[in-house]
1. Could you tell me which of the residues 293, 350 is within 12 Å of the ligand (Cβ to nearest atom), more than 13 Å from residue 373 (Cα to Cα) and not in a strand (DSSP E or B)?
2. Looking at (1) under 27 Å from residue 182 (Cβ atoms); (2) modelled with pLDDT of 90 or more; (3) in contact with a strand residue (DSSP E or B) (Cβ under 6 Å, 6 or more places away or on another chain); (4) surrounded by fewer than 17 Cβ atoms within 10 Å (Cβ to Cβ), which one does residue 69 not meet, given that it meets all the others?
3. Any chance you could count how many residues in the stretch 274-284 are surrounded by fewer than 18 Cβ atoms within 10 Å (Cβ to Cβ), touching a residue at least 40 places away in the same chain (Cβ under 8 Å) and within 11 Å of the ligand (Cβ to nearest atom)?
4. Residue by residue through the stretch 1-26, note down the ones that are over 24 Å from residue 181 (Cα atoms) and touching a strand residue (DSSP E or B) at 6+ places or on another chain (Cβ under 6 Å).
5. Residue 392 - would you say it is touching a strand residue (DSSP E or B) at 6+ places or on another chain (Cβ under 8 Å), free of Cβ contacts under 8 Å to residues at least 40 places away in the same chain and either surrounded by fewer than 15 Cβ atoms within 10 Å (Cβ to Cβ) or farther than 25 Å from residue 457 by Cβ (or both)?
6. Which of the residues belonging to the stretch 170-184 are touching a helix residue (DSSP H, G or I) at 6+ places or on another chain (Cβ under 7 Å), in contact (Cβ under 8 Å) with a residue 12 or more places away in the chain and outside any helix (DSSP H, G or I)?
7. Taking residue 337 as meeting all but one of (1) surrounded by fewer than 18 Cβ atoms within 10 Å (Cβ to Cβ); (2) in contact (Cβ under 8 Å) with a residue 12 or more places away in the chain, write down the number of the exception.
8. Return the residue satisfying two criteria in turn: it lies in the stretch 358-382 and is in contact (Cβ under 8 Å) with a residue 24 or more places away in the chain, surrounded by fewer than 19 Cβ atoms within 10 Å (Cβ to Cβ) and not in a loop (DSSP other than H, G, I, E, B), and of such residues it is nearest to the ligand (Cβ to nearest atom).
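The values are calculated or read from the model by the stated rules, or taken from the named source; none is laboratory data. This one's a predicted model, so the numbers in the text were calculated from it and none came from an experiment. With ideal geometry, Cβ positions are generated from the backbone for all residues, glycine too; neighbour counts draw on all protein chains shown.
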Ligand code: CAO
């Protein structure tokens with residue numbers, strides 16, 4: 001067993017007795033040498049009594065509000081020393097057990113003063129408001145004097161341990177209201193003050209500059225204060241796709257390249273095929289054509305059919321052409337995959353798109369139906385709009401958005417002619433695809449859509 005030592009009240013100057021205003025440890029606590037044990041306060045100064053050595057607090061002899069005099073036993077400490085148990089009786093030993101107090105507001109200064117001074121030098125003398133920052137050690141100038149401004153003194157009134165705590169958190173003690181006796185600032189006051197400041201900053205400046213690269217938090221607003229509201233639980237799919245979209249948005253530097261394809265011939269061809277498609281039990285929409293044209297463009301520009309290797313040091317070029325097709329469902333956006341588009345014909349693709357879209361809407365997709373895409377197409381053409389900026393379905397590096405085809409006057413051979421123009425919005429990962437490549441990709445895609453015979457080339 002270690003040695004039991006008594007820790008006694010040290011020399012407290014001219015005072016017969018002083019008040020214990022804070023007890024900072026409890027029986028059973030492990031303390032390190034120099035850890036503050038209690039805070040004493042005289043009329044003119046407050047001081048922390050530090051532990052003379054490391055050990056475990058066995059018994060506490062004082063509590064907050066007690067009056068103590070030099071030599072009174074504060075507590076007993078079981079130390080790691082293995083010289084056997086010893087109860088020091090000799091008053092002459094006091095200096096061993098009662099180490100130098102950590103004083104504030106007193107000329108006889110504490111041991112950690114040099115450290116405090118160093119910290120003070122590092123800090124700017126004014127905070128962002130232009131207010132004088134709390135300068136804990138300034139109080140030393142007032143040693144032995146009653147403070148001239150009681151309010152000021154009250155605000156700065158805190159034990160060295162609390163001062164240190166406030167310094168660590170960057171809290172200006174002069175602004176902290178003390179809830180302790182005589183307006184003393186306690187640790188809890190500092191904690192509450194800092195918490196309130198952080199909350200205030202969030203509310204008043206939700207989009208304010210975050211620390212480092214952290215995202216600034218969104219403010220939590222009770223919208224019912226502005227009018228009637230209804231809260232709806234998001235579907236599992238919507239929550240999942242929200243996470244995926246957010247991740248892509250944050251990880252991928254997006255750029256969107258816009259173009260228009262002259263789809264006049266394509267539309268005529270599609271109309272021609274419609275009756276035959278119907279006979280085969282499928283609906284011939286734009287999508288199968290877009291899928292075939294996209295594969296031709298991916299074969300021409302293999303970089304677009306790739307992913308960045310983990311670590312971002314190399315590219316993984318895919319030799320397969322599995323296309324994700326964004327499907328709008330009541331539960332949210334789902335992207336099933338149509339495989340090996342390069343090997344399939346228009347009717348087969350029309351059938352597969354209808355099948356996956358139908359299964360997506362009826363919650364019949366299997367997990368493998370959603371995996372393995374090398375590029376994605378998202379078509380809003382059936383709904384409307386002229387252009388949009390789709391989010392790349394990372395780790396794919398490109399996504400083609402298609403908007404509603406419109407008949408427009410196009411200048412051809414010295415005259416305006418009506419042409420059916422199909423808007424394309426190609427979003428890409430700029431880490432992998434340069435703007436020039438993106439423009440070449442969409443120009444090529446437009447050419448293929450304008451003249452589907454090119455697919456054969
Ligand atoms: N321009 C003009 N008409 C178009 C068109 C376009 N770009 N695209 C489709 N149409 C036409 C179709 O040809 C069809 O017309 P007909 O009945 O005359 O043949 C009609 O619009 C309806 O087509 P559709 O939308 O049902 O079929 P589709 O094959 O074009 O699309 C699917 C299928 C599953 C992609 C689509 O239903 C869908 O869900 N789209 C939404 C995708 C989405 O939400 N994307 C957003 C992702 S980003 O948040």
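1. Details: 293 fails: within 12 Å of the ligand (Cβ to nearest atom).
Exactly one of 293, 350 is within 12 Å of the ligand (Cβ to nearest atom), more than 13 Å from residue 373 (Cα to Cα) and not in a strand (DSSP E or B), namely 350.
2. So the condition that residue 69 fails would be (3).
3. Of the residues in that region, 1 qualify.
4. Narrowing the stretch 1-26 to residues over 24 Å from residue 181 (Cα atoms): 1-7.
Listed by number, the residues that qualify are 2, 4, 5, 6, 7.
5. On the way: touching a strand residue (DSSP E or B) at 6+ places or on another chain (Cβ under 8 Å): yes; free of Cβ contacts under 8 Å to residues at least 40 places away in the same chain: no; either surrounded by fewer than 15 Cβ atoms within 10 Å (Cβ to Cβ) or farther than 25 Å from residue 457 by Cβ (or both): yes.
So residue 392 does not fit the description; no.
6. 171, 176, 177, 178
7. (1)
8. In this case the residue turns out to be 361.
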